[in-house]
Amino acid sequence: ETLEIRKDDMVVLGLGMAAIQAPGTGGPCIRVSPHAKGVRLSGLSLEASVISKFIYEGSTLLEWGDKDNIGAGSSSNPGAIHDLFCFVGGRSDRTVKVETMVKIFSSHVIGDNLWLWRADHVQLMHNEEPNRPELSEYHVTTYGECECDAGLKVYGDHVTFYGLAVEHTYKDMVEWHGKYGAVYFYQSELPYDVPGDVYNDIAGYRVHVGADHHIAKGIGVYSYFRDYANVIVKTAVATHGLKGLFENVFTVWLNGYSGIQSIINGQGALNREPGHPVDVPKYKGESVFSSSFGTLVFVLRTEYRILAPGPGVNEEYM
């Protein structure tokens with residue numbers, strides 16, 4: 001059953017990264033009431049379970065608040081999440097699934113060190129041989145296994161994360177809807193195994209219309225399109241909000257097919273240097289963005305450059 005947190009100032013502390021598996025109902029491992037102030041979660045590992053495809057939509061591992069009380073919370077007694085890991089797969093059962101790992105409906109929530117992982121490999125079953133032995137000693141996850149659409153969706157205002165990692169989900173890895181959000185250090189890898197015909201208009205980090213005054217610093221989106229040559233990602237970061245500030249946004253092409261076409265809202269170079277980051281040091285403006293690049297983008301100042309260039313490369317673009 002879901003662990004329900006309803007009282008103010010409750011602390012849930014896992015010793016040795018205690019693991020909680022989601023119930024088979026599609027409900028989360030933990031749900032924090034929108035009326036509970038000052039709740040602390042720390043040292044926990046939340047794991048997806050096997051659920052029916054009919055209850056996949058809306059399923060989560062952690063829900064903070066609820067959709068009928070968006071914006072509840074206390075500025076004087078905020079909630080906090082420390083050292084939280086979420087896993088969709090990793091053990092031998094690759095039929096586990098969840099739509100979104102973490103949803104934050106409440107305002108005034110602080111996150112510190114979260115890793116939200118859709119498995120790119122899982123343990124072998126008894127007497128099973130690796131399916132791609134040239135790549136891994138484990139079973140390499142393929143499309144349709146360990147299903148997960150998104151890592152984090154934020155609807156509340158004044159939500160801040162320090163150290164956030166999201167990997168390999170099918171759709172936008174991070175969706176931000178609330179105002180005055182902030183992220184300081186973000187690392188993500190786009191999925192290796194999703195075909196281009198279903199991986200359409202996807203970003204590693206997306207700030208939606210109305211999510212104004214968003215701050216994001218140290219934002220990295222990596223790509224390794226291993227299985228399909230028809231994958232195109234037009235921009236690593238898409239921001240539709242007003243009065244945002246992005247600093248040190250970068251992409252890394254690790255290996256595989258294709259690559260990310262631009263860094264933020266169509267700005268920044270296509271990365272053709274495997275293993276070397278290309279970044280936009282600063283992006284600030286009141287922007288309205290369409291990934292088709294058909295909508296006008298107002299930019300006050302945008303810069304991009306190649307970081308740690310390879311031998312013989314010494315270029316900076318301003």
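The values are calculated or read from the model by the stated rules, or taken from the named source; none is laboratory data. As the structure is a computational prediction, the values presented were derived from the model and not from experiment. Note: ideal-geometry Cβ built from the backbone for every residue, glycine included; neighbour counts use all protein chains shown. Protein only, heavy atoms only, side chains kept; ligands, DNA and RNA dropped before computing areas. Shrake-Rupley method; radii C 1.70, N 1.55, O 1.52, S 1.80 Å.
Quick look at the values:
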read-out	value
Heavy atoms of M17 accessible to a 1.4 Å probe, total area in Å² rounded to 10	70
Signed unit charges on C-beta, dipole axis of the chain, positive-most listed residue V88, G156, A229	G156
Accessible area in the full protein assembly, largest first, 1.4 Å probe, for D149, D68	D68, D149
Net charge dipole size for region 163-204 [Lys, Arg +1 and Asp, Glu -1 on Cβ; Debye, nearest 20]	260
Heavy-atom accessible area per residue - region 192-240, 1.4 Å, Å²	33
Residue-level accessible surface for I215, protein heavy atoms, 1.4 Å, Å²	60
Farthest positive-ward along the chain dipole, Cα basis, beta-carbon charges - from V278, V39, I51	V39
Per-residue HN-Hα couplings for region 7-24 [Karplus 6.51, -1.76, 1.60; θ = phi - 60°; Hz; x = Gly/Pro]	9, 4, 6, 6, 10, 10, 10, x, 9, x, 6, 4, 9, 10, 9, 5, x, x
Average accessible surface area per residue within region 9-100, 1.4 Å rolling probe, Å²	44
Cα lying deepest toward the dipole's positive end in the chain, options I264, I30, N131, charges on Cβ	I264
Assigned charges on the beta-carbon of Lys, Arg, Asp, Glu; the chain dipole about Cα centre (debye)	760
Label selected from (i) 19.5, 60; (ii) 24.4, 100; (iii) 22.7, 80, the criterion being Rg and Dmax of the Cα atoms in Å as computed here	(i)
Normalised contact order of region 1-137, rounded percent, pairs of Cα under 8 Å and 6 or more residues apart	23
Rel. contact order, % - alpha carbon contacts under 8 angstrom, at least six apart, region 188-260	41
Nearby aspartates and glutamates by direct alpha-carbon distance to K179 (threshold 12 angstrom, same-chain neighbours under 8 apart not counted)	D157, D212
The chain - share of DSSP beta bridges that are antiparallel (%, nearest 5)	20
Per-residue HN-Hα couplings for region 226-234 [Karplus 6.51, -1.76, 1.60; θ = phi - 60°; Hz; x = Gly/Pro]	7, 9, 9, 7, 9, 7, 10, 10, 6
Which listed pairs, of K67/K234; K37/K67; K103/K284; K103/K282; K7/K217, have C-alpha distances above 25 Å, in listed order	K67/K234; K103/K284; K103/K282; K7/K217
Whole-number percent relative contact order across region 116-275, with pairs defined as alpha carbons under 8 Å at least 6 apart	17
Assigned charges on the beta-carbon of Lys, Arg, Asp, Glu; region 4-110 dipole about Cα centre (debye)	100
Carbon/sulfur fraction of accessible area - the chain, other protein chains in place, 1.4 Å, %	51
